[in-house]
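First the structure, in the form of structure tokens, and then the observations on it.
Please treat every number below as a calculation from the coordinates, not as lab data. Note that this is a predicted model, so its numbers are computed, not measured. Heads up, the Cβs are rebuilt from the backbone with ideal geometry, glycines too, and the neighbour counts pull from every protein chain shown.
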Amino acid sequence: MPEEPVSIAEITCALRTVRPASYRIETTPDGPALALVMNASPSGRRNAADRIVRLLGEHGLGLDVPNQVDALTEEKVSFAVVRLP
């Protein structure tokens, strides 16, 4: 039985303690994607990325990239949000 796709509501629930202006959720043909869009120092972006990845993980979600924190910290593009195995 295929997994149910991740919903935007699940992502926003997982990130409810993160300032919404810090990130952007987009709808793509493959499902929702998330980008870190805050303007901050590299260490500030890394702290925010670490928190986002941790909170997503606590809800069984993650980004479809090998190193989630580095990807969010270094890029301002969106990455697919997936269910973790």
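The Cα atoms of region 29-75 give a gyration tensor whose axes a ≥ b ≥ c have a/c of 1.5 or more with a/b greater than b/c, which makes the shape prolate. Net charge dipole, the chain: roughly 440 debye, given to the nearest 20, about the Cα centre with Cβ charges of +1 for Lys and Arg and -1 for Asp and Glu. Think of the chain as having a plus end and a minus end, set by charges on the Cβ of Lys, Arg, Asp and Glu; of G44, L55, A80, G44 sits farthest toward the positive end of this dipole.
Using the Cβ atoms and a cut-off under 14 Å, what net charge is assigned to the surroundings of A48, where Lys and Arg are +1 and Asp and Glu are -1? Every neighbour counted, the sum reads +3. Given Cα pairs under 8 Å that are at least 6 residues apart, what percent is the relative contact order of the chain? So the answer I get is 33 percent. The slack between H59 and S7, meaning 0.36 nm per residue of separation minus the straight C-alpha distance, is 17.5 nm.
Checking (i) 44, 24, 21; (ii) 71, 22, 17; (iii) 50, 27, 23 against the coordinates, the calculated Cα extents along the principal axes in Å falls under label (i).
Quick check: the angle from helix 42-58's long axis to the longest principal axis of the chain, C-alpha only, nearest 10 degrees? The answer is roughly 20 degrees. Applying both filters, DSSP loop and at most 15 other Cβ atoms within 10 Å, to the GluC sites (Glu not before Pro) of region 18-85 gives E75. Within the shell defined by Cβ-Cβ distances under 14 Å, the residues around R19 carry a net charge of +4, with Lys and Arg each +1 and Asp and Glu each -1.
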